[in-house]
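Have a look at the structure below, then the notes.
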Amino acid sequence: MGCPLGVPKYPAGPVIHFELSQALGKVSDVPDPDALIRASGLTKRFGQFTAVDGIDFELRRGEAFGFLGPNGAGKSSTMRMIGCVSPPTGGELTILGLNPVTQGAAIRARLGVVPQEDTLDVELTVRENLLVYGRYFGLSRQVIAERTARLLEFVQLSERANDHVEPLSGGMKRRLTIARSLINEPEILILDEPTTGLDPQARHVVWDRLFRLKQQGVTLILTTHYMDEAEQLCDRLVVMDGGKIAAEGSPRELIDTYSSREVLELRFSTFEHDQAAEKLTAVPADRIEVLADRVLLYVDDGDAAMAGVRGLALEPLTSLVRRSTLEDVFLRLTGRRLEDG
Amino acid sequence: MTAPALRVGSPQRYDRVAGPGRMAVRAFQPWLVNYRRTWRGTIYSSVLMPVLYLGAMGLGLGTLVNQHGTASLGTVSYLVFLAPGLMAATAMQTAVGESLYPVFSAVKWQQTYQAAAATPLRPGDIFRGHLLFTTMRLTMNMIIFLAIMSLFGAVRSAWVVAAVPVAILTGLAFATPLDAFAVSQKKNDQAFNMIFRFGMIPLFLFSGTFFPVTQLPAWVRPLAYVTPLWHGVALCRALSLGTADLAGALGHVAYLAVVAGLGLAAGARSYRRRLHV
């Protein structure tokens, strides 16, 4: 039974709170009422090693939020704390308004988790995996059967429902893990490196499914070290490095803030590389990045810059004008490439 | 073809976080689903092993023992002496078999424990769910053992029925600490061979199953008395022969319950330390 008839479901409390805050001029400090996850100063230490070093972020309902960073940046440790299987060492973390340390089970009941390793029971069939997992949530067999049919169709595994998991391809296992994570109709879906280890085609199938989930209003939180994955799926993301958040924003904002409109990529023969890189400083550019195998010129107009390069009588083996990506943002923020780890 | 609409975050009417008992039952279910595939093979060996041992040792070797005189056995035939001891020892073997490798596989090779830990199940629920399955397997094996031992005519008292729960408790006194140990193994299963070689096999041979502990040198006997298996063997035997007295029985049960209880606490702790890092 809900509240008695005639009594409004929500008293005027929040409005008063808002007006009060406004009067005090601290509107921005009012917690976002739509925030599903709120972390401040969140820290995870393992002995002497600090995996997550005081990070702040908020996850809003309906958004796809990403953690972009190389291996070892602290992304998985953060995901495990959000998944309530790793108690924070310091800072504050609130998930769905609850405390993950004391109310972990109640939070986990409302989360869907796609871990980095599939953790499927390979001795069971596809259908049995969903049955067993659904039972963990206390769902009835009937409810699980209904959802299984829908979920397997969604991840395109209906034909394999009664097959064992062992012989499935990596992409199929990943899709099954995604279906499994949705069995409890979660309010937040957590994905840790959802396409790591998949071949490009399988990766695109997974992206397509995740994109559909996003369009249906599922709140996604994911980690990745693929910048194209972050660009395609995330409304908003943080760049993480060495356990800290280096920057935050939408992919577009991050690129606009930390990179130029276009990038001119030049490749020289090995013995010309260093000399050419030195000469290129004469070309007007926001920034020049000299990598081991390439030189990147961050410019507004790539073709104009290329004309400038030709004017210096430099003949690169290959040249490419492209738009800036999150990879460039990461390079700018950390001085390293994402794949370097 | 369009994919069906998926419901997410919809209000749910079922109770999502239940009490420890129901949560353990949830954690027990995957073991049952898996067992549906393998139960036939396990029944064959549950029947075959007692038949082989009671036949070869109880009847075969027993003929020689009986000719020698059975005063030290309590003036019963070797078969009657052996059977209840072997029952307790079988419980130990069942418990070891359901503990070490299945637990290590779930936490390391298949990581199905980690999958379960992402759900409302708490590490303690996952541990107790596995213990429910171990208890089920012990119950099955002990009932089978009792049936076979009766067919061999190796029972002297109706109290032998009470030996079934005693043997199950003996098994749990091994299962709980071994689960706790197995789940804490990070790298590989090498330690398990040591447990078999230097733990299970000596216990199996020297805990009064095949001959009375009084035959051991005096200085070794206390070692036998501290092992849970000796308590299980002694009480199962007393019940089967109809010689049990209340004080002795309570003493054995209390000892086994304390060991199982300590293992229960240790398991809850080591499951949490492994699954909630």
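Can you name the condition, by its number, that B:ALA118 falls short on among (1) out of contact with any His (no Cβ under 9 Å at 6 or more places or on another chain); (2) surrounded by 23 or more Cβ atoms within 10 Å (Cβ to Cβ); (3) within 14 Å of chain A (Cβ to nearest Cβ); (4) touching a residue at least 24 places away in the same chain (Cβ under 8 Å)? That leaves (4) as the condition not met.
Would you please name the residue that is surrounded by the most Cβ atoms within 10 Å (Cβ to Cβ), looking only at residues in the range A:165-183 that are in a loop (DSSP other than H, G, I, E, B) and either of a type in the set (Asp, Glu) or within 14 Å of chain B (Cβ to nearest Cβ) (or both)? Only one residue tops the list, namely A:ILE183.
Just one of the listed residues (B:ALA175, B:ALA191) is within 15 Å of the chain's Cα centre (by Cα) and of a type in the set (Gly, Ala, Ser), namely B:ALA175.
Annotation note: of B:ALA95, B:ALA88, B:ALA118, the sole residue that is closer than 24 Å to B:SER270 by Cβ and within 23 Å of the chain's Cα centre (by Cα) is B:ALA95.
Residue count for the range B:60-89, restricted to those that are touching a residue at least 60 places away in the same chain (Cβ under 8 Å) and part of a helix (DSSP H, G or I): 13. Evaluated against (1) in contact (Cβ under 8 Å) with a residue 60 or more places away in the chain; (2) more than 9 Å from chain B (Cβ to nearest Cβ); (3) not basic (Lys, Arg), A:VAL113 falls short on exactly one condition, (2).
Applying the condition of being part of a strand (DSSP E or B) and either without any contact (Cβ under 8 Å) to a residue 60 or more places away in the chain or of a type outside the set (A, V, I, L, M, F, W, C) (or both) to the range A:228-264 and asking which residue is surrounded by the most Cβ atoms within 10 Å (Cβ to Cβ) yields A:LEU264. Within the set A:ARG267, A:ARG287, the sole residue that is surrounded by fewer than 18 Cβ atoms within 10 Å (Cβ to Cβ), outside the structural domain of A:ARG212 (by TED's automatic domain parsing) and farther than 16 Å from A:GLU327 by Cα turns out to be A:ARG267.
Conditions tested, residue by residue: (1) within 14 Å of another protein chain (Cβ to nearest Cβ); (2) surrounded by 12 or more Cβ atoms within 10 Å (Cβ to Cβ); (3) at pLDDT below 90; (4) touching a Gly at 6+ places or on another chain (Cβ under 6 Å).
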residue	(1), (2), (3), (4)
B:VAL8	yes, yes, yes, no
B:GLN12	yes, yes, yes, no
B:VAL17	yes, yes, yes, no
B:ARG22	yes, yes, no, no
B:TYR35	yes, yes, no, no
B:TRP39	yes, yes, no, no
B:VAL47	no, yes, no, no
B:VAL51	no, yes, no, no
B:GLY55	no, yes, no, no
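Looking across the range A:61-88, the residues that are more than 14 Å from chain B (Cβ to nearest Cβ) and either in a strand (DSSP E or B) or of a type outside the set (Gly, Ala, Ser) (or both) come down to A:PHE65, A:GLY66, A:PHE67, A:LEU68, A:PRO70, A:ASN71, A:LYS75.
Just one residue in the set B:PHE198, B:PHE174 is of a type in the set (Phe, Trp, Tyr) and surrounded by 13 or more Cβ atoms within 10 Å (Cβ to Cβ); that residue is B:PHE174. Checking each residue in the range A:143-163 for being in contact (Cβ under 8 Å) with a residue 12 or more places away in the chain, charged (D, E, K, R) and either out of contact with any strand residue (DSSP E or B) (no Cβ under 9 Å at 6 or more places or on another chain) or over 12 Å from A:THR125 (Cα atoms) (or both) picks out only A:ARG147.
When A:GLU92, A:GLU58 are checked against the criterion of being touching a Gly at 6+ places or on another chain (Cβ under 7 Å), more than 9 Å from chain B (Cβ to nearest Cβ) and outside any helix (DSSP H, G or I), a single residue qualifies: A:GLU92. Residue under question is A:GLY104, and the condition is that it be buried (at least 17 other Cβ atoms within 10 Å of the Cβ) and either in contact (Cβ under 8 Å) with a residue 40 or more places away in the chain or under 19 Å from A:THR196 (Cβ atoms) (or both); does it hold? No: the conditions fail for A:GLY104. Of all the listed residues (B:PHE145, B:PHE174, B:PHE133, B:PHE181), the sole one being within 14 Å of another protein chain (Cβ to nearest Cβ) and assigned to a helix (DSSP H, G or I) is B:PHE133. Of all the numbered requirements in (1) within 20 Å of A:SER259 (Cα to Cα); (2) more than 26 Å from the chain's Cα centre (by Cα); (3) part of a helix (DSSP H, G or I); (4) not aliphatic (A, V, I, L, M), A:SER319 misses one, and that requirement is (3).
Among the residues of the range A:184-196, at least one is touching a residue at least 40 places away in the same chain (Cβ under 8 Å), surrounded by fewer than 20 Cβ atoms within 10 Å (Cβ to Cβ), within 17 Å of A:VAL113 (Cβ to Cβ) and more than 10 Å from chain B (Cβ to nearest Cβ).
Among the residues of this structure, A:VAL122 does not count as one that is buried (at least 22 other Cβ atoms within 10 Å of the Cβ) and facing chain B (nearest Cβ under 8 Å).
Residues in the range B:133-158 that are within 17 Å of B:VAL33 (Cα to Cα) and crowded, with 18+ Cβ neighbours inside 10 Å: B:PHE133, B:THR134, B:THR135, B:ARG137.
The values are calculated or read from the model by the stated rules, or taken from the named source; none is laboratory data. Keep in mind the model is a prediction, meaning the values are calculated, not measured. With ideal geometry, Cβ positions are generated from the backbone for all residues, glycine too; neighbour counts draw on all protein chains shown.
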